[in-house]
Each structure stands twice: as C-alpha cells, then as structure tokens.
Amino acid sequence: MDIDTSIIKASAQWGLQVESIRRDIQIAGSPERCEFRFVIQDKQDRLYVLECIFDADLDRKGRIIYCLDYLFQTQLPGINPYLRTKRSDWIVCCDNRYWQLAPFVDGTALNRPEYVFDKWRGKVMADFLIGLRKRSRNITCVISLPFFSITDYIRDLIMQMKVHAPGVLGEIGSPIHLIENRLMTVHDRLPTAFCHGDFHPVNIIWSPNAVNAVIDWEFLGMKPEIYDAANLIGCIGSEDPDALLGDLVIDFIGNLKAAAFISDASREVFVDFVIAMRFAWLSEWLRHQDTEMIALETVYLNLLTDNTGMLKKAWGI
C-alpha cells in the first residue's frame with residue numbers, strides 16, 4: 001500500500017477526512033524523531049502533523065505524550081499536546097505502522113544568528129522554564145520518568161573517543177579536566193527537576209514577540225535543575241560567542257535569579273554545567289562525522305573553559 005493511502009487511513013482513526021497532504025509546508029523540529037511525518041489538511045481546512053513512529057520508540061513516545069498532556073492540563077502556555085483518536089488512543093497501529101497526531105502550529109522563522117541579541121527572548125524563555133518548573137512539581141506522582149546524568153554521559157563519551165576519535169579527545173583536555181575536577185564531584189548532589197531536555201530557541205515555534213509552542217520533547221525527564229538553562233545558554237553562545245555577554249543571556253539569567261530558579265548549589269557550578277552540555281553536542285557531531293562542526297565545537301569548549309571566571313562574574317552567578 002502506498003504512503004498516501006496509509007496516511008489517509010491513519011488519519012481516519014482520528015475522525016479526519018484528508019483533503020490534501022501538504023508537502024509544501026515545512027515542519028519545525030528534527031525529522032529524526034520519527035520515521036516520517038507530514039502536514040495533513042482536513043475537509044475543514046484544519047492542519048495537523050501526522051507522524052509515523054518507530055516501533056522501538058513506543059515506550060518513549062508514550063511518556064512524551066503523557067507528559068505533554070499533563071502539562072497541557074495544568075494550562076502551561078506553549079504546550080501543543082498530541083490528540084486522542086475516536087477510541088481515546090494516542091497512538092494507533094494502521095497498515096503495520098504506528099502513528100500519532102498533533103495540531104500543526106505555525107510560526108515566525110528565527111533570524112539566525114541575529115536573534116541571539118534579542119533581549120525580549122531572554123525573558124520569554126525564562127518565563128517558560130519558570131512556568132515549567134512550577135507546573136511540573138508533581139509530575140512524577142503520576143508518570144515514572146528516567147533520570148539522566150550528563151557526567152555519566154561524558155564518561156562514556158570519553159571512553160568512546162579514546163577508541164574512535166583520539167585526536168579530537170586530545171584537543172579538549174582542559175574542558176575534560178574542569179568537568180572531572182569540579183562538576184563530577186558534586187553533580188549527583190545537585191537539586192533535580194523535570195526538564196525539557198533539549199531546550200533552545202530552535203526548538204521553539206515563535207510568534208513575532210512570544211512563544212507559540214515548545215517542541216521536540218524527546219529527551220524530557222528528571223535532571224539537575226539547571227539542565228535546560230545551561231543547554232540554552234550554550235546554544236546561544238554557539239551561534240555567536242559574543243552573545244554570551246549579550247542582552248538575551250543577561251536578561252534570561254536575571255529573570256531566573258529573580259524567580260529563585262537556581263539554588264545556591266547549582267549556582268556554584270552553573271558555568272561548568274554550560275560546558276558539560278556542549279559534550280552532548282560534540283557527541284552529535286561525532287555521530288554524524290561532521291568534521292566542520294567537530295572543529296568548531298572543540299574551539300568553543302576551550303573558549304568556555306578559558307573564560308569561566310569572566311562568565312561567572314558577568315552572569316552574576
């Protein structure tokens with residue numbers, strides 16, 4: 001059976017009559033999160049994103065669906081939940097494939113890399129994380145969630161790099177030394193919270209002055225409380241290192257501090273955690289064998305490490 005016919009049959013599980021499959025509409029977020037996905041338009045001209053998901057991802061997709069539904073029920077702005085079928089299922093099997101459906105959310109494209117100096121985005125993103133923290137306090141009472149340790153991840157990555165990328169490993173001795181001697185000694189005692197897991201501006205569907213939706217929750221779970229904030233700042237600086245001292249980052253951190261979002265224990269290693277998060281991105285570039293990005297990431301890791309004192313002072317951390 002051809003893909004279009006399967007899409008039409010799967011959509012019918014949600015009671016939708018497909019008018020057209022909108023291959024002309026670009027979908028935000030990483031296409032690697034599913035086997036394939038399309039925007040569909042129904043007879044009432046409503047738009048949805050229909051995703052065909054891998055069998056091996058069913059448990060993880062189920063957790064994401066439950067978490068987004070939980071957060072949506074708390075009325076947290078920026079949540080675009082998946083939809084139930086006519087039989088109240090979130091995931092359906094049709095034509096030997098698994099499917100899930102969400103409303104399509106349109107947005108305004110980021111003006112990359114200039115957006116990293118937009119002060120207003122700092123407050124908007126801080127407000128989302130503050131709201132997420134408040135609305136998710138009891139989420140583990142109803143959903144079992146994994147804990148992720150970035151320091152364990154870095155240990156494993158170093159072991160792999162010793163075999164597969166010793167040259168790259170040799171270029172990041174200073175960042176590794178910092179992580180091993182400062183962050184790894186306290187990481188497991190840091191306060192934890194529910195986190196998005198990959199929070200940065202590209203995983204936000206923007207309006208001209210606000211957040212329409214936060215997307216790509218594939219790595220959600222319980223993590224050190226500063227995980228999302230550190231990942232965001234690291235991503236901002238990777239676009240333009242000067243932005244680490246720019247209005248967006250300064251306003252973002254200022255709003256988090258005003259909300260008592262960062263504990264004293266986390267504040268002590270906040271800059272270190274920003275550096276640690278870049279190892280996950282280095283792993284991604286290594287996985288894709290992207291030599292240009294590997295080279296840029298090693299330079300960035302060393303830049304952050306060499307300027308930890310200056311960043312700590314500038315951020316008031």
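The values are calculated or read from the model by the stated rules, or taken from the named source; none is laboratory data. The structure displayed is predicted, hence computed values, not measured ones. Don't worry about glycine lacking a Cβ; one is built from the backbone with ideal geometry, like all the others, and counts go over all protein chains shown.
Numbers at a glance
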item	result
Single unsatisfied condition, LEU101 versus (1) surrounded by 20 or more Cβ atoms within 10 Å (Cβ to Cβ); (2) closer than 30 Å to ILE262 by Cβ; (3) of a type outside the set (S, T, N, Q)	(2)
Region 181-204: number of residues that are within 30 Å of VAL124 (Cβ to Cβ) and assigned to a loop (DSSP other than H, G, I, E, B)	7
Considering residues of region 113-154 that are surrounded by 13 or more Cβ atoms within 10 Å (Cβ to Cβ) and among the small types (Gly, Ala, Ser) only, the residue nearest to TYR227 (Cα to Cα)	SER149
Tabulated pairs, region 183-195, first free of Cβ contacts under 8 Å to residues at least 12 places away in the same chain, second buried (at least 19 other Cβ atoms within 10 Å of the Cβ), C-beta under 7 angstrom, 6+ apart or interchain	none
Check on THR74, out of contact with any helix residue (DSSP H, G or I) (no Cβ under 8 Å at 6 or more places or on another chain) and under 21 Å from HIS196 (Cβ atoms)	no
Long-range neighbours under 6 Å by Cβ, at least six apart or interchain, first residue touching a residue at least 24 places away in the same chain (Cβ under 8 Å) and at positive phi within region 22-47, second of a type in the set (Asp, Glu) and part of a loop (DSSP other than H, G, I, E, B)	GLY29/ASP216
So ASP216, is it surrounded by fewer than 19 Cβ atoms within 10 Å (Cβ to Cβ) and either out of contact with any Pro (no Cβ under 7 Å at 6 or more places or on another chain) or modelled with pLDDT under 95 (or both)	no
Number of positions in region 262-279 that are assigned to a helix (DSSP H, G or I) and crowded, with 18+ Cβ neighbours inside 10 Å	11
Filtered residue count, region 175-194, keeping only those that are out of contact with any Gly (no Cβ under 9 Å at 6 or more places or on another chain) and surrounded by 13 or more Cβ atoms within 10 Å (Cβ to Cβ)	13
Index of the failed condition, ILE53 passing every other in (1) within 19 Å of the chain's Cα centre (by Cα); (2) within 19 Å of ASN212 (Cα to Cα); (3) buried (at least 17 other Cβ atoms within 10 Å of the Cβ); (4) aliphatic (A, V, I, L, M)	(2)
Scan of region 54-85 for residues that are touching a Gly at 6+ places or on another chain (Cβ under 9 Å) and basic (Lys, Arg), ordered by number	ARG63
Scan of region 249-261 for residues that are buried (at least 18 other Cβ atoms within 10 Å of the Cβ) and either free of Cβ contacts under 8 Å to residues at least 40 places away in the same chain or not in a helix (DSSP H, G or I) (or both), ordered by number	PHE261
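Every residue, every condition in (1) at pLDDT 95 or above; (2) of a type in the set (Asp, Glu); (3) under 27 Å from the mean Cα position of the chain (by Cα), yes or no:
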| residue | (1), (2), (3) |
| --- | --- |
| ILE7 | yes, no, no |
| ALA10 | yes, no, no |
| GLN13 | yes, no, no |
| ILE25 | yes, no, yes |
| GLN44 | yes, no, no |
| LEU58 | yes, no, yes |
| ILE64 | yes, no, yes |
| ASP69 | yes, yes, yes |
| PRO81 | yes, no, yes |
